[in-house]
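Below is one structure, written out as structure tokens, with a few remarks after it.
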Amino acid sequence: MRSFRAAALTDIGRVRKNNEDRYLFDEKSLWFGVADGVGGLPGGAEAAQLTIDQIAGLLQTHSGNGQIDLTAIVHATNRAVVRLGQDLSPGTGIGTTLTFGLVRDGMLHLAHVGDSRCYLLRQGQIVRLTEDHSVENEARLRRARGEIVYYHEGNRNALTRCIGQPTPPEVDLIPQALAAADRYLFCTDGVTRMVSDAELAGMLVRFDDPKAALEEIVGLAVRRGGPDNATAVLCVVDAL
């Protein structure tokens with residue numbers, strides 16, 4: 001008998017006037033994820049909210065109908081956010097990150113665009129399942145292919161992909177086989193810029209209750225200054 005426990009938590013932090021993070025959380029359908037409205041653009045909260053609403057609606061529509069095409073779902077969501085951006089901010093558009101997964105047939109199927117993250121804690125070891133879509137990371141990958149790439153240090157964390165961009169974003173699809181005792185953490189960069197991977201692992205090991213773990217993780221990000229909204233979703237696999 002499968003058994004999952006999960007929790008979600010968001011905090012505005014200590015600096016921002018609005019919370020532009022949103023989360024996807026459905027313990028019954030086993031959908032989990034986060035979206036983080038792009039800073040520096042108007043409408044971040046609206047972009048993130050629409051993204052989560054669209055993803056949830058499209059997943060519900062496809063529920064039980066065979067294989068789910070996550071790329072198609074993300075691209076349909078992107079089109080909806082582009083349309084909203086044309087109304088809210090015709091000059092610059094609006095945008096958000098998106099990292100989410102659904103459990104099906106013993107697998108966690110991840111879809112990822114941006115720099116929010118999903119981690120797996122297994123047997124006390126933490127693994128980052130997603131790669132940040134940032135200028136710095138793209139440059140590193142291109143350099144590994146032998147290309148000569150330069151970028152301004154001030155732009156190292158700028159996004160190279162987001163939901164709301166005019167062209168359909170490339171979607172990272174990550175299938176992950178589940179194992180009993182796995183812990184899957186979805187979080188925005190308001191968490192990951194303030195809390196190291198090693199610290200995340202320690203808290204995920206120390207707290208058995210998902211809600212208690214998130215209170216400690218998000219709380220630590222806020223106590224360290226909370227310069228951004230901090231949001232996390234945690235799914236614990238008790239049995240398969």
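Values in this text are rule-based calculations from the coordinates and carry no lab data. The shown structure was predicted, so the numbers you read here are calculated from the model rather than taken from an experiment. In this analysis, Cβ positions are derived from the backbone assuming ideal geometry, glycine residues included, and neighbour counts consider all displayed protein chains.
Just a few scattered comments:
- Our note on the geometry: Cα centres of the stretch 70-141 and the stretch 199-240, 20 Å apart.
- Per residue, the convex hull spanned by the Cα atoms of the stretch 3-239 measures out at 129 cubic angstrom.
- Efficiency of FRET between A72 and E27 - r from beta-carbon atoms, R0 41 angstrom, step 0.05: 0.95
- Distance-filtered residues of the stretch 207-240 - backbone nitrogen under 15 Å, label point 7 angstrom along A180 Cα→Cβ: 237-240
- Each Cα pair under 8 Å and six or more residues apart adds its sequence gap; the mean of these over the residue count of the chain is a relative contact order of 30 percent.
- Segment K17-E216, extension gain: residue separation times 0.36 nm, minus the distance between their alpha carbons: 69.4 nm
- Between R83 and R224, the FRET efficiency estimated from the beta carbon spacing at R0 = 45 angstrom works out to 0.75.
- Among T167, T99, T192, residue whose mean-square fluctuation peaks in a GNM of the chain (springs only between Cα atoms under 10 Å): T167
- Each Lys or Arg adds one and each Asp or Glu takes one away; over the other residues whose Cβ falls under 15 Å from the Cβ of N18, this sums to -2.
- Kyte-Doolittle mean at least -0.5, axial Cα span of 18 Å or more - DSSP H helices of the chain: 44-62, 70-88, 210-223
- Taking a point 7 Å out from the Cα of D238 in the direction of its Cβ, none of the residues of the stretch 97-115 has a backbone N less than 13 Å from it.
- In this simple spin-label approximation, R104 and L173 carry label points 7 Å from Cα along the Cα→Cβ vector, and these lie 1.0 nm apart.
- Structure remark: mean-square fluctuation, Gaussian network model of the chain, C-alpha springs under 10 Å; the largest value among A48, A76, A35 belongs to A76.
- Choice from G114, G39, G190 showing the highest fluctuation, given a GNM over the chain with Cα pairs closer than 10 Å: G39
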